[in-house]
Structure formats: structure tokens, C-alpha cells
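Trainee: Below is one structure. I have some questions about it.
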Amino acid sequence: MILVFEPLHAARTPRHIRRGDPETYQLALIGGSPMVTRQHDNEAEIPTGNLVFFDTSHPLNTLVPDERGQGRVTLLRIPRSALPLPSGRVDRVLARRLAPDGVTGQVLCQYLTTVRNRAADLRTDECHRLGTIAVDLADAFLAEHSDTRHL
């Protein structure tokens, strides 16, 4: 999914979570303006071309302050039950700048960009298989970044 928006401040509060939590993770590839984000005691500025990871079960605060351009995010939603990474390791990478410097990060970004750009050409039967691949790539990327040597 791609989201395009003007500069904004958005928050997901405990009240929002109580009203409805889809129990998903969201991995966002940042395009356009950079983003400032805070979740689970982590806070970071996420420059264009980097990724950030969120959990819909935790409060979230996000700011896209750059008035010179639009925010643009390619978003991968992952059901909590689909990500094999333990929650303790997941919490380490919430709202942190996740640079796609390694091979896995580069492959993940290229994959997300290709699927986003070709979404109109996808057949229904392809979507499930490609989603499985996306989750596997995201899991490998997040496992690498949740290693305490990378924090």
C-alpha cells in the first residue's frame, strides 16, 4: 500500500487501541519528506530511503514536518501472528531508523518498490504468494536489525 499526504502530525493513543486494534505490524519505506516517530520509548528521525517499523498495539506519535513536499510511505502490513520474530526482539526495533544498507535491506526495498509499482498488474492468486515472500524478507531484515549489535 502507498500513502501520500501533506505534512502532518498523527497519533495512535491507548483509546484508539482499545476501540480497535488490528494486531498488525507495519513496516514503512519512507519516500518524500522524512518522518519523526516515537513508539515504545524509542524515537527517531527517519530519512527518505530508510524504513521504520510500528506495532498497532502500542501508542504511536508521528510527525512529517517538511512543508516543502509530501510525505510518501510504502506500507507493508504484517499480521502479528505471521511474523516469527519474538516480541522482545520486535520491541527493540519499533520506531527506529532501519537503514537498508545490507543485502537483505536492499532486496526488501527493491521488492516493496516493485510490488508497489506493479500492483495494478497483480493477479489475485499472486497476491498471497507475494505477501508470504514479503513477510519472509521483512522477518530477515528485522532479525538483523534487532540484534543488539545493531542498536
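The values are calculated or read from the model by the stated rules, or taken from the named source; none is laboratory data. What you see is a predicted model, and the numbers here were worked out from it, not measured in a lab. Don't worry about glycine lacking a Cβ; one is built from the backbone with ideal geometry, like all the others, and counts go over all protein chains shown. Accessible surface areas use protein heavy atoms only, side chains included; no ligands, DNA or RNA. Shrake-Rupley method; radii C 1.70, N 1.55, O 1.52, S 1.80 Å.
Trainee: Do any trypsin sites (Lys or Arg not before Pro) in region 35-107 lie in a DSSP loop with no more than 12 other beta carbon atoms within 10 Å, and if so, which?
Mentor: Arg68
Trainee: Quick one: if the Förster radius is 22 Å, what FRET efficiency do Leu122 and Ala99 give, using the C-beta to C-beta distance and rounding to 0.05?
Mentor: 0.20
Trainee: Related question: If exposed means no more than 16 neighbouring beta carbons inside 10 Å and the site is in a DSSP loop, what's the longest run of the chain without any exposed GluC sites (Glu not before Pro)?
Mentor: Looking at the chain, 68-151 is the longest stretch - no exposed GluC sites (Glu not before Pro) with at most 16 other Cβ atoms within 10 Å.
Trainee: How much area per residue is accessible in the chain when the probe is 1.4 Å and only protein heavy atoms are counted (Å²)?
Mentor: About 56 Å² of surface per residue is accessible.
Trainee: State the extension gain, in nm to one decimal, for the chain segment bounded by Ser87 and Thr113, taking 0.36 nm per residue of separation less the distance between their alpha-carbons.
Mentor: Answer, rounded to one decimal: 6.7 nm.
Trainee: State the Cα centre-to-centre distance between region 54-91 and region 98-137 in whole Å.
Mentor: Distance between centres, Cα-based: 16 Å.
Trainee: How many percent of the accessible area of region 21-151 is carbon or sulfur, using a 1.4 Å probe?
Mentor: 50
Trainee: Further question: Go ahead and run the numbers for FRET between Asp147 and Leu3, Cβ-Cβ distance against an R0 of 30 Å, rounding to 0.05.
Mentor: 0.55
Trainee: I'd like the projected area of the chain, averaged over all directions, using the convex hull of its alpha carbons. Report it in nm² with one decimal.
Mentor: Mean shadow area of the hull around the Cα atoms is 9.0 nm².
Trainee: For every other residue with a beta carbon closer than 11 angstrom to the beta carbon of Asp21, add +1 if it is Lys or Arg and -1 if Asp or Glu, then tell me the sum.
Mentor: Cβ neighbours under 11 Å give a net charge of +2.
Trainee: Ratio of alpha-carbon Rg to the 2.2 N^0.38 Å globular estimate for region 86-139, to two decimals, please.
Mentor: With N residues counted in region 86-139, Rg over 2.2 N^0.38 Å equals 1.32.
Trainee: As a test question: what accessible area, to the nearest 10 Å², does Asp91 have when a 1.4 Å probe is rolled over all protein chains in place?
Mentor: Asp91 has an accessible surface of roughly 40 Å² with all protein chains in place.
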